[in-house]
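What follows is calculated from the coordinates using simple rules that are stated; it is not laboratory data. Treat the numbers as computed from the prediction; the structure is a model and nothing was measured. Ideal geometry is used to build each Cβ from the backbone, glycine not excepted, and the neighbour counts take in all protein chains shown.
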2 protein chains.
Amino acid sequence: LDEGDAPTARMLVAELHAADIADLLERLSGEERRALVELQRDGFDPEILPHLGGNVRDQVIAQLGPRALAEALSELDSDDAIYLIEDLDDDIQAALLAAVPPATRRALEESLAYPEYSAGRLMQRDLIAMPAFWTVGRAIDFLRETPDLPEEFYEIFVVDPRHKPIGSVPLARMLRHPRKVLLRDIMDRDVDAIAAATDQEEVARLFRHYSLASAPVVDDQGRLIGVITFDDVVDVIQEEAEEDMALMAGVGSEVDVNAGLVSVVRQRIAWLGVNLGTALMVSSVISLFEATIEQIVALAVLMPIVASMGGNAGTQTLTVAVRALALKELTPSNAMRILTREVGVGTINGLVFGIAVGAVAAVIFDPFIGGVLFCALLANLVTAGLAGMLIPLALDRLKVDPAVSAGVFLTAVTDVVGFFAFLGLAQLVLL
Amino acid sequence: LDEGDAPTARMLVAELHAADIADLLERLSGEERRALVELQRDGFDPEILPHLGGNVRDQVIAQLGPRALAEALSELDSDDAIYLIEDLDDDIQAALLAAVPPATRRALEESLAYPEYSAGRLMQRDLIAMPAFWTVGRAIDFLRETPDLPEEFYEIFVVDPRHKPIGSVPLARMLRHPRKVLLRDIMDRDVDAIAAATDQEEVARLFRHYSLASAPVVDDQGRLIGVITFDDVVDVIQEEAEEDMALMAGVGSEVDVNAGLVSVVRQRIAWLGVNLGTALMVSSVISLFEATIEQIVALAVLMPIVASMGGNAGTQTLTVAVRALALKELTPSNAMRILTREVGVGTINGLVFGIAVGAVAAVIFDPFIGGVLFCALLANLVTAGLAGMLIPLALDRLKVDPAVSAGVFLTAVTDVVGFFAFLGLAQLVLL
């Protein structure tokens with residue numbers, strides 16, 4: 001398809017939704033992608049850009065060049081434009097801002113002044129606000145007569161004379177009331193105004209919790225400066241949920257399947273390095289018992305069982321704790337109850353697997369080895385339950401994201417306790 | 001607060017949003033929860049129920065009793081009502097259905113006929129559909145005059161005489177056009193109609209991909225039977241992203257921090273059992289080399305390093321592959337490219353850590369052990385990259401969810417290869 005017949009390819013692509021073209025670009029190889037972008041150079045739809053993943057986006061932006069990108073920025077909604085330029089290098093960003101029309105530039109600069117991952121970055125600046133004394137009829141006439149309103153909106157914000165949001169009217173409700181009714185009388189008065197500095201994770205939680213379609217964003221003085229809509233938040237929800245998973249597996253904070261070799265190596269090597277530290281610590285624990293292992297080699301055969309069961313049980317508890325902390329479902333008021341439950345789970349599983357594996361080892365090797373294995377497994381699974389809860393709770397208290405580092409501490413604890421308990425008990429009982 | 005002063009507590013709670021009351025109920029202990037529900041028995045807001053997590057919800061439902069629940073069902077939107085009853089036992093469900101008004105019962109039964117996790121279960125049956133020849137004015141008059149319309153809607157669906165959706169008009173657009181304009185002339189013609197049997201993961205992907213606020217659901221004949229709105233999908237997105245994480249960690253498909261001890265043990269014991277199988281396989285690999293370890297105990301000290309580095313590197317690759325498969329970002333067209341990259345990452349990391357750890361081992365123990373450690377680490381990290389991609393791809397091809405089982409296969413592969421390569425090479429070189 002792409003080789004040769006340019007007009008046909010251009011026509012086929014022109015019929016697609018911007019999001020689909022973005023998907024297509026991501027799936028093509030580097031060369032094909034360049035050819036396809038070149039083909040569309042004149043009529044490149046700027047809406048495609050926000051749909052592209054990080055690495056492919058950078059390539060396409062580089063290929064289009066600053067002039068075309070500046071043009072795209074002034075055509076896009078302000079939230080999409082911010083999304084495109086916030087990760088660029090400072091000098092490229094400055095050059096771009098210099099090339100866009102002054103009004104767009106001012107808006108973009110104001111948004112960039114808010115911290116990354118804040119409501120100020122997520123919000124769209126174009127919004128519709130009306131005074132409370134307007135009637136439904138006047139509001140509809142205003143909407144019909146004013147050109148240049150945002151394409152999509154789901155509610156009208158009602159503001160007081162100082163431009164503070166005091167209510168909101170969903171469009172469905174506006175349409176269902178006669179023209180003479182006052183906005184004041186049909187508006188929702190409990191507006192969830194979001195401060196511009198609010199973290200996006202908290203924004204997502206509010207949207208999800210109250211099933212919001214859109215919410216007003218206010219500045220320090222409480223004045224309405226923007227609106228966040230559900231579609232911005234859907235991406236955040238997905239990213240935040242994935243972020244925890246990605247961080248726990250040590251693949252950075254974003255899973256981009258199209259990332260390049262170098263950036264992937266850089267992302268992952270740090271985590272593997274930390275893990276190597278844990279592994280060396282484990283080795284030094286084992287080396288304390290070299291003499292014991294030399295006498296009873298069966299210990300070397302069985303010791304990975306204790307460590308791996310503890311690591312897996314701990315990861316189960318940890319996963320529950322990390323997600324519950326992120327969703328604010330784990331709080332001081334229920335932490336003790338859940339900790340008790342996890343220790344209970346560890347005890348039960350420790351008894352079940354300790355008896356099963358200990359019995360088998362007793363038959364194959366010797367009853368004392370079986371007994372040691374039982375005690376070590378039980379101790380390690382109880383430890384796993386305790387550590388799987390206490391480590392993320394402690395990190396959270398210290399304002400460290402438990403998803404990033406809890407896993408390392410956890411395996412360190414379960415490995416060390418596992419090997420130490422098994423080999424140490426063996427030394428005591430068997431020698 | 002809760003002890004004693006019932007009227008005050010009732011008043012305080014009455015001012016809260018249903019979602020906040022649900023949060024409160026989840027954080028209370030079992031006893032306090034029962035007391036608070038009892039307090040509100042007469043005016044219990046049915047909207048609270050869908051916000052509760054599985055275990056707390058079951059308790060509250062049991063406490064309220066079937067009569068109160070049947071009443072709640074007929075007050076809720078049909079999608080929320082389905083959500084509440086779909087997980088109940090068959091006999092309880094039947095008793096409840098018998099107790100609700102006939103119209104509600106028929107609607108619920110029709111929805112329940114669609115498979116679990118399908119669009120048919122997610123959808124809300126009350127929707128607004130109009131013929132294409134209506135004008136904006138007639139549409140607005142209809143909305144104003146008809147009682148009993150859904151509270152919230154974001155677009156009007158345009159249907160043909162056979163009730164097939166042929167277009168949609170977002171409310172914002174309806175409000176911005178004069179009364180005499182025909183719906184036909186302002187409607188979007190590329191409606192993304194969703195078949196009722198579509199899986200909810202696919203529904204979420206469509207909503208996210210096209211930033212939809214709502215989408216029509218059609219039956220086998222293509223007739224409009226319901227509507228899915230973004231707020232239903234937000235929950236699905238969150239659940240699906242979390243599900244992969246939960247499944248990979250072996251804590252079942254749903255992370256419910258308030259689950260009871262018995263159900264948690266049941267959820268986790270299966271995964272630990274499977275993991276025990278892997279651990280026993282590893283033990284049997286080690287036991288092949290008992291004689292070698294007896295002669296060189298340093299091997300027992302160093303062997304966990306090879307296995308754990310391989311396991312962690314493999315999990316990194318696996319996490320990326322599982323998410324990319326779930327989001328349809330990993331397809332036959334780019335699988336080869338990404339596999340090559342992962343093997344490249346494994347080779348680079350294998351060289352980096354192999355040289356570092358090998359050198360240290362050469363100094364502490366002996367140069368031959370260092371060389372063996374280098375080779376084993378390199379081999380295992382390359383294997384990890386290969387297996388981390390190929391295992392989920394193969395499971396996906398076999399229509400098995402890679403999130404559920406890929407991790408077990410992966411650790412089995414990296415553990416066995418790691419121990420085998422290290423101990424086997426050591427036997428060849430050192431004895």
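Tabulated data for the structure shown
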item: Cα centroid separation, region A:157-205 to region B:164-240 (Å); result: 24 Å
item: Three-way shape label, region A:261-430, alpha-carbon gyration tensor, a/c 1.5; result: oblate
item: Per principal axis, descending, Cα span of region A:167-233 in whole Å; result: 40, 26, 16
item: Two-decimal Rg to Rh for chain A - Kirkwood Rh, Cα set; result: 1.12
item: Cα long-axis angle, helix B:261-287 against chain B (0 to 90 degrees, to the nearest 10); result: 20 degrees
item: Bridge type composition, chain B - antiparallel percent by DSSP, nearest 5; result: 75 percent
item: For B:302-313, mean number of other protein chain Cβ atoms within 10 Å; result: 6
item: Cα convex hull of region A:129-249, projected area averaged across orientations, nm²; result: 8.3 nm²
item: Neighbour net charge for B:Ala72 - beta-carbon separation under 11 angstrom, K R +1, D E -1; result: -4
item: Convex hull projection area averaged over all views, region A:6-113, Cα basis, nm²; result: 6.5 nm²
item: Nearest-ten-degree value, helix A:367-397 long axis tilted from longest Cα axis of chain A; result: 30 degrees
item: Residue-averaged beta-carbon neighbours from other chains (10 angstrom radius) around A:227-238; result: 4
item: Degrees, to the nearest 10: B:90-99 long Cα axis against longest axis of chain B; result: 10 degrees
item: Likely footprinting exposure, B:Met245, B:Met336, fewest C-beta neighbours within 10 Å first; result: B:Met336, B:Met245
item: Proxy reagent accessibility, fewest Cβ within 10 Å first, across A:Tyr114, A:Tyr210; result: A:Tyr210, A:Tyr114
item: Kirkwood-type radius of the protein assembly as shown, with distances r between different C-alpha atoms, in Å; result: 30.0 Å
item: Model label zone, A:Phe133; criterion: amide N under 15 Å from point 7 Å along Cα-to-beta-carbon; scope region A:153-179; result: A:159-163
item: Magnitude of the charge dipole, the protein assembly as shown, Cβ model with Lys/Arg +1 and Asp/Glu -1, debye to 20; result: 440 debye
item: Among A:Ser211, A:Ser74, A:Ser405: highest mean-square fluctuation, GNM of chain A, C-alpha pairs under 10 Å; result: A:Ser211
item: Average other protein chain Cβ within 10 Å of Cβ, residues B:210-216; result: 4
item: Rounded to 5, percent antiparallel among DSSP beta bridges of the protein assembly as shown; result: 75 percent
item: Cβ crowding within 10 Å averaged over residues, with A:192-201, B:318-327 ranked highest first; result: B:318-327, A:192-201
item: At 0.890 mPa s and 25 °C, Stokes diffusion of region B:282-362 via Kirkwood alpha-carbon radius, µm² per second; result: 161 µm²/s
item: Gaussian network model of chain B, springs between alpha carbon atoms under 10 Å - residue of B:Glu329, B:Glu242, B:Glu47 with greatest fluctuation; result: B:Glu329
item: Centre separation in Å (Cα based) which lies between region B:299-343 and region A:293-312; result: 26 Å
